[in-house]
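Shown next, in structure tokens, is the structure this report addresses.
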Amino acid sequence: MAILRKLPPPAPADPRIDLAEAYLDFQLAEYKRALAAATRAATNTEAQGARLLFARACRAQGAASRSLGDNNQALASYAKAREEFVAVGDRAGAAGILRDVADTTAEQGEYSSAVELYRKSLAVCRQIGYKSGVAAAVTLLPRRKCMNELWPLMPKWVTTAKQS
């Protein structure tokens with residue numbers, strides 16, 4: 001990141017650098033730094049009118065906030081991100097946000113709401129042929145309490161594996 005910031009203008013001010021930094025810090029479990037970088041990216045992309053990047057920055061803010069234990073802020077960030085993903089026509093991004101909100105909702109113990117959000121995400125992913133989104137919706141579920149309600153939604157290969 002330091003090398004990118006040393007490039008001649010306008011490169012150092014590119015909000016994609018902040019977004020990349022947020023992703024990197026998140027992977028390194030540096031959630032406070034990830035949140036700061038995502039916030040910079042959101043501020044700059046919103047000012048530039050870069051709506052898709054703004055949506056991604058808001059999603060990164062949500063993920064960092066959730067990892068820091070601030071689920072209310074995470075949900076607020078996810079709501080902004082979803083609004084932008086829908087506005088720009090990124091259905092896969094909007095479906096991903098539904099999964100993020102479902103994960104957060106499940107963490108708060110609201111399992112029936114989480115299941116409904118997973119179902120909505122799964123339906124959108126199937127509708128647009130987004131196979132990795134389908135896989136995420138049915139295999140990366142965070143709470144066992146949701147599993148009994150979601151087994152009927154899983155693809156046949158997943159339920160067959162469970163039976164063997």
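Just a few scattered comments:
- Taken together, 33, 40, 16, 66 contain a single residue that is closer than 19 Å to residue 95 by Cα and not aromatic (Phe, Trp, Tyr), which is 66.
- Residues of the range 105-116 satisfying the condition of being of a type outside the set (S, T, N, Q), in a helix (DSSP H, G or I) and surrounded by fewer than 24 Cβ atoms within 10 Å (Cβ to Cβ): 106, 107, 111, 115, 116
- Answer from 47, 102, 94, 22 - the residue that is surrounded by 15 or more Cβ atoms within 10 Å (Cβ to Cβ) and either hydroxyl-bearing (Ser, Thr, Tyr) or not assigned by TED's automatic domain parsing to the domain that holds residue 127 (or both): 22
- Test: residue 67 is within 23 Å of residue 134 (Cβ to Cβ) and surrounded by fewer than 17 Cβ atoms within 10 Å (Cβ to Cβ): no
- Filter result (small (Gly, Ala, Ser) and not in a helix (DSSP H, G or I)) within the range 69-90: 69, 89
- Options 91, 82, 56, 99: the member that is of a type outside the set (S, T, N, Q), within 19 Å of residue 21 (Cα to Cα) and without any contact (Cβ under 8 Å) to a residue 60 or more places away in the chain: 56
- Yes/no for residue 61 being under 30 Å from residue 129 (Cβ atoms) and part of a helix (DSSP H, G or I): yes
- Conditions (1) surrounded by fewer than 22 Cβ atoms within 10 Å (Cβ to Cβ); (2) farther than 23 Å from residue 108 by Cβ; (3) in contact with a Cys (Cβ under 6 Å, 6 or more places away or on another chain): number failed by residue 80: (2)
- Any hit, the range 73-84, residues being under 18 Å from residue 29 (Cβ atoms) and among the hydroxyl-bearing types (Ser, Thr, Tyr): no
The values are calculated or read from the model by the stated rules, or taken from the named source; none is laboratory data. Only a predicted model underlies this, so the values are computations on that prediction, with no experimental measurement involved. We place every Cβ from the backbone using ideal geometry, glycine too, and count neighbours over all the protein chains shown.
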